[in-house]
1. Given the structure, is residue A:328 in contact with a strand residue (DSSP E or B) (Cβ under 8 Å, 6 or more places away or on another chain), buried (at least 16 other Cβ atoms within 10 Å of the Cβ) and hydrophobic (A, V, I, L, M, F, W, C)?
2. So, in region B:368-421, how many residues would count as being away from chain A (no Cβ under 14 Å) and among the hydrophobic types (A, V, I, L, M, F, W, C)?
3. Name the residue, out of A:136, A:179, that is surrounded by fewer than 20 Cβ atoms within 10 Å (Cβ to Cβ), under 23 Å from the mean Cα position of the chain (by Cα), of a type in the set (A, V, I, L, M, F, W, C) and not assigned by TED's automatic domain parsing to the domain that holds residue A:294.
4. Is there any pair linking a residue in region B:370-388 that is at positive phi to one that is assigned to a strand (DSSP E or B), with Cβ under 6 Å and at least six apart or on different chains, and which?
5. Could you list all residues from region B:173-189 that are touching a helix residue (DSSP H, G or I) at 6+ places or on another chain (Cβ under 7 Å) and either within 16 Å of residue A:431 (Cβ to Cβ) or within 7 Å of chain A (Cβ to nearest Cβ) (or both)?
6. Of the residues that sit in region A:292-314 and are of a type in the set (Gly, Ala, Ser) and within 12 Å of residue A:272 (Cβ to Cβ), which one is surrounded by the fewest Cβ atoms within 10 Å (Cβ to Cβ)?
7. Answer yes or no: is there a residue in region B:390-404 that is of a type in the set (Val, Ile, Thr), closer than 23 Å to residue B:358 by Cβ, surrounded by 24 or more Cβ atoms within 10 Å (Cβ to Cβ) and in contact (Cβ under 8 Å) with a residue 40 or more places away in the chain.
8. Quick test for you: out of A:82, A:49, pick the one residue that is more than 23 Å from residue A:161 (Cα to Cα), among the charged types (D, E, K, R), touching a Leu at 6+ places or on another chain (Cβ under 9 Å) and surrounded by fewer than 18 Cβ atoms within 10 Å (Cβ to Cβ).
2 protein chains.
Amino acid sequence: MLSSFASRLLDALGPDVVRAAPEDLAVYAFDAYSEDKLPSAAIVPHDAREVAIAVRIARECGEPIVPRGAGTGLCGGAVPSRGGLVISFARMNRIVELDVRNRRARVQPGLINLDLSAAIAGAGIFYAPDPSSQKISTIGGNVGTNAGGPHCLSYGTTTNHVLGIEYVDGNGALHHTSIDDSGYDLTGLLVGSEGTLGIVTEVDVRLMKLPEAVRVCVAAFTDVESASEAVSAIIGAGIVPTALEIMDALITRAVEAHYHAGYPENAGAVLLVEIAGTHDDAAAGEAALAAIAREHGALSWRAARDQRERDALWAARKGAAGAIGRIAPNYYIQDACVPRTRLPEVMHAIDAIARDHKLPVGNVFHAGDGNLHPLLIFDRRERRQVEAVVAAGTEILRTCIAMGGTISGEHGIGYEKRETLSLVFSPDDLAAMGRVRDVFDPMRAFNPDKIFPSGAMCGEVKTPAALGTATA
Amino acid sequence: MLSSFASRLLDALGPDVVRAAPEDLAVYAFDAYSEDKLPSAAIVPHDAREVAIAVRIARECGEPIVPRGAGTGLCGGAVPSRGGLVISFARMNRIVELDVRNRRARVQPGLINLDLSAAIAGAGIFYAPDPSSQKISTIGGNVGTNAGGPHCLSYGTTTNHVLGIEYVDGNGALHHTSIDDSGYDLTGLLVGSEGTLGIVTEVDVRLMKLPEAVRVCVAAFTDVESASEAVSAIIGAGIVPTALEIMDALITRAVEAHYHAGYPENAGAVLLVEIAGTHDDAAAGEAALAAIAREHGALSWRAARDQRERDALWAARKGAAGAIGRIAPNYYIQDACVPRTRLPEVMHAIDAIARDHKLPVGNVFHAGDGNLHPLLIFDRRERRQVEAVVAAGTEILRTCIAMGGTISGEHGIGYEKRETLSLVFSPDDLAAMGRVRDVFDPMRAFNPDKIFPSGAMCGEVKTPAALGTATA
C-alpha cells in the first residue's frame, strides 16, 4: 500500500521519477555516516521543474525533504532522519553551459566533481575545489558543505568558486542568485547551508587556468611535530604552495602498503607539497620550500619525476581514509581546525588525548590550512572503545576551540556535529541563524535535524547512536 | 531645545560623544551623493559598547540609525534620509590587533583604508582592496559597499578579505562572526549590506604579502573599443595582471593636465596595466601583455621606470574623477558591469547613448573586471541637461543588464539606485531579502531608504532629487 504522499508524487511525476518501494528506498536511508532511516519516498528528477513540484507536494503533506548528492558525506547530512522525501540528483549530472573564454560553467548539482575538471581539461582549465572524495562526490554536495580539499590552500574553498545558484525555496518557488548582482549575498549564504535553506538545482562555477608547471614533492620527518613546524615556517615565510599535506607514520605505512606510491615508509611523518605556476616559479618555489624543510629537520626531499608519479602520490593521499581498512575494523574521522601557528601544539595534544583513552590515532591533514583529520581507530563491537572514541573526539574538538580553532574544516556539521554548534555559537546567534532559515524555508522542512542543535543539550556533544558507522 | 531623544543620548553617553546642535549636525547631513537631510542627533563613539547603548536608545525612541564612515559614498548610503541618528566612526579608527605571522588584523571600522596598508608595509604585507577613494574612505564603509578597486581584478573585492565581523544588531546586542566558524556564512551576508543588517564595530581582515616586483605600464590606443579588445584578449589568454584600467581621451587629457603623470595626452584611449610577482614573473608578464596589446593595435607601450613614476601613474588614475573639475561644472558617475567579453560592444553603446542625449561622456573604468564608470558631464543649472543625464544613466544601466551585466560594480546601491534593484530582482527575491533584513533588524531602523526599492516604482529609475550632487 502506497502512502497518500507517495501516490501524489507518482501522479505528478510518474514511476520513472518516483521511488516508493522499501527495497528501492533502502539505498537512500544512509550516507557515509551510518545513522540510517528509511524515507517515505524518493525522487530522481530530470530538472528543476520536477524538484519544485515535489517540494510543493511534500509541503502540502507535511513531509520533510532531504537533498542527496552521492551520499559520501561523513556527518550524516544526507540521512533522512525523520523520513519524508529524499531528492537524489543522480540524473541531474550535466554541464549545462561552458563558457571557456569567461572561464565559467553552469552545471547541475549531481555532476561528479572530477567529471567537471576531466571534461574541460582539453581547454586548459579546471575546477579548483578538490575534496578527497572528488572521484565520487557531487558539485551539489560540495556546495552544501562548502567542501575544501588539498588545493584549497591556495585556491580557496567551494564558496570562492561559486558564482551563482538556482534553487527551490520552501514554498516550491524557483530562484536564481548571482555574486554579480547587488543586494545581499545570498549565493554565499546558500553555500555551506547543507540543504537547509533551499534545494540547489543548478550551480554557476568559476573555472581556472591550468598552471604551466606543477611539482609534487615529498619530505620525510622524524615526527608530526617537526613536519608541522616546517609548515608553520613555510606559511610564515609568505610562501603559499598549492598544497601542504601531512601524514603521520601510521597513515603513511597504511597508504604505502596499499598504493605503493613512493612515500618513505619508515618516516615518522611525511609532508606532501605541491607548487604550481610557470616553470620558473615552480623551480624557484621548490628550492625555497626544500630549504625551509631542511632547516626544520627534513630527513629527505624528493620531487616526483613525471605526471605518473605525481598522480600516484595524490591518489594515495586522497585514498588515505580507505587504506585504513588494512589496519582497523572501524575508524572515526574528526574534522577540526586550529590557527596554523598552533599545529605543533595541537598535534601534541591529540597524541596525549588518544593515549589517555588508549586509542590508536592516525593523522592525515591539510596542514597548510590548519585543518586536522585525526582518525581514531577502534572496534565497534567493543563498547568501551566506542565510549572512548566519543570522549576523545569531544576532547579534541574542545582543545581545538580553546586554541582559537573551530569544529569543522570542510566536512560540514550535518547530523553528527549539530550539538557541538553550541560550543562555538551563543543561543542568540543560533536563534538568528534559525530566523535566516525561516526566510527561505518557513516550515523548516528542508533537511531537519541537520546543523542546528536539538536544544535538548547545550554545550554537550551528544553520543551519536551510530558511531562507528564509517567502516573502512 | 533638545529633543527627548538627544537628551537621552546625552544622559547616557555625555557631550563628548553626542552631537545635537544644528551647526554640529550639518556635517552629517550628506555624503558624496548630495541628497541631504539633517539628523536629529549624531554620536562619535569610542567603542562598541557606546554604539550598542545608542542603538537601544534609538530603538526605544523609534529613531532610524545611519552608520557613517568617511562620507565618500557616491550613492547616498550615509545620508540620514529620514533624520534620526548618525553614528560616525571617526574616532574608532585604530588597528586593534596585528598578527603578522598569520597575516590578519582586527581593525575598527573608522580606520582609513590606506592607513592600514601604510602601517603594515614595514612588515612586507598589505590590505588588498583599494578603492580609488582609499586615501579617505574607511574600512567600515568599504565593508558596507563591498568596495572594489583597481587591484580587485586579481585579489578580489572586500568580501574576499574579511575574515570576521563584530556588529550590533537591531536590538542593540553585540555579535561576532567568523568565516572560520560553521553554520551559515553571516560574515559574507554582512559585507555589502550597506548598514541595513547591523552596525559594524570591528572587522577582521586578511592581509597579503607584498609582491617582490611590480611593473606599471601604459599603452596608447586609437580608441576605447580597441583598448577594450586588448583587455578581452588578455583575459581570454588566461593572464591575470594585478590591474587593467582604461581611460578614454577626455579623461586622459583631464588627468594629465592636472597630474602630469606621464600619460600620452593625444591617445584615443590608454590602458594602464600592473603586473606583480617575482622579478621573473613581472618581466615575463610584461612581455606577454605588451605583445597582446600590440597585436590589438597599441600605438605605444611604456613601463614606469621607478617607484616614483609608478606612484604618479596610480595617483593620477585614482584621482581621475577629481580631475574632471577642470572641464565640467558637474558630472554624474555611473557604476555598472558587463561580462568582459562584451566590453567593446558596451563602449560603443554608451557612446551612442551619450550622443543621442547630446551629453559629453568620459570613460574611466576597471576594464579587467568589466566594471564601467561612464561620467556624464553636464551643468546642473540647465534643466534639459539634468533630464538628459537621468535618461542616459538609465539607458546605460538597461543596456548593461541586457548584455548580461548588472547595476553596480562597487559603489553600492544606497539611496540613489534603490529603485533600479527592481530591474534585476523579482518582487519575490526582494521580499526574501527584506525578510533576511528582519532577522537582524526587525524594526528596519538601520539605514532606511537604502538598497530596497520604495515599492512606489517598479522597474523605473526614480529621478534623483539631487542629481548632479557630485560637483567636481
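The values are calculated or read from the model by the stated rules, or taken from the named source; none is laboratory data. Remember, it's a predicted structure, so these values are computed and weren't measured experimentally. Cβ coordinates were reconstructed from backbone atoms using ideal geometry, including for glycine residues, and neighbour counts include every protein chain displayed.
1. yes
2. 12
3. Values: A:179 fails: surrounded by fewer than 20 Cβ atoms within 10 Å (Cβ to Cβ).
Exactly one of A:136, A:179 is surrounded by fewer than 20 Cβ atoms within 10 Å (Cβ to Cβ), under 23 Å from the mean Cα position of the chain (by Cα), of a type in the set (A, V, I, L, M, F, W, C) and not assigned by TED's automatic domain parsing to the domain that holds residue A:294, namely A:136.
4. Correct list of pairs: B:370/B:337.
5. So the first thing to find is which residues in region B:173-189 are touching a helix residue (DSSP H, G or I) at 6+ places or on another chain (Cβ under 7 Å), and the list is B:173-175, B:177-179, B:181-185, B:188-189.
Across region B:173-189, the qualifying residues are B:173, B:174, B:175, B:177, B:181, B:182, B:183, B:184, B:185, B:188, B:189.
6. The residue in question is A:303.
7. No.
8. Numbers: A:82 fails: touching a Leu at 6+ places or on another chain (Cβ under 9 Å).
Result: A:49 is the single residue among A:82, A:49 that is more than 23 Å from residue A:161 (Cα to Cα), among the charged types (D, E, K, R), touching a Leu at 6+ places or on another chain (Cβ under 9 Å) and surrounded by fewer than 18 Cβ atoms within 10 Å (Cβ to Cβ).
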